[in-house]
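S.K.: Shown below is the structure under consideration.
Any read-out appearing in this document is the output of simple, stated calculations on the displayed coordinates, not a laboratory observation. Please read all numbers here as calculations on a predicted model, not as lab measurements. Glycine also receives a Cβ, built like all others from the backbone with ideal geometry; neighbour counts cover every protein chain displayed.
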Amino acid sequence: MLNIIKTLILKLGYSLSGIRDTWKTEKSFRQWFILIIVSDLAAIIYAPSIIWLAIIVAFGLLLLASELINTAIEAIVNKVQPEFDPLAKKAKDAGSAMTLVTFFALVLLWIGMLNA
């Protein structure tokens, strides 16, 4: 049991390091974070039920997760392929598109909730 706790603490450290580094280096992550805070605060006010609030908050977290994945894709592509390459561009654009699609999902949830 002690080994499991040590492993979880170690993994938590890696995760927090990833969030901290992304926060420091990625303006887009900070911008999405602010948008999610605003979204969550608004959901606290306007959500007609706890279920709607939970879904809005969960999709906000998914949006931040997608931006973290996008940042990871960009970092590894830049490391492996520093000069322009069409496949590198495709990978980076797909990562960016993932974040945009996740944002659209959050917007659709808001539309659904406000029309519920």
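S.K.: For the chain, what is the mean residue ellipticity at 222 nm derived from helices alone (per DSSP H run of n ≥ 4: -39500 (n - 2.57); sum divided by total residues; nearest 500 deg cm²/dmol)?
M.R.: For the chain, the value works out to -32000 deg cm²/dmol.
S.K.: Give a residue-ordered list of calculated ³J(HN,Hα) values for the stretch 41-48 (Karplus: 6.51 cos²θ - 1.76 cosθ + 1.60, θ = phi - 60°; whole Hz; x for Gly, Pro).
M.R.: So the Karplus estimates, Gly and Pro as x, are 5, 5, 5, 4, 7, 9, 5, x Hz.
S.K.: For the stretch 73-86, just list the computed ³J(HN,Hα) in residue order, Karplus coefficients 6.51, -1.76 and 1.60, θ = phi - 60°, integers in Hz, with x standing in for Gly and Pro.
M.R.: 4, 4, 5, 5, 5, 5, 6, 7, 9, x, 8, 4, 8, x
S.K.: Using only Cα atoms, locate the centre of the stretch 1-41 and the centre of the stretch 89-116, then give the distance between them in Å, rounded to an integer.
M.R.: 20
S.K.: If R0 is 22 Å, what FRET efficiency do you get for residue 25 and residue 65 from their C-beta distance, rounded to 0.05?
M.R.: Efficiency at R0 = 22 Å is approximately 0.80.
S.K.: OK, next. Zone of residue 90 (label point 7 Å along Cα→Cβ, backbone N under 19 Å): which residues in the stretch 53-81?
M.R.: 70, 73-81
S.K.: Sticking with this structure for a sec: Please give, to one decimal in nm, the separation of the simple spin-label points placed at residue 14 and residue 79, each 7 Å out from Cα toward the Cβ.
M.R.: It works out to 1.3 nm between the two label points.
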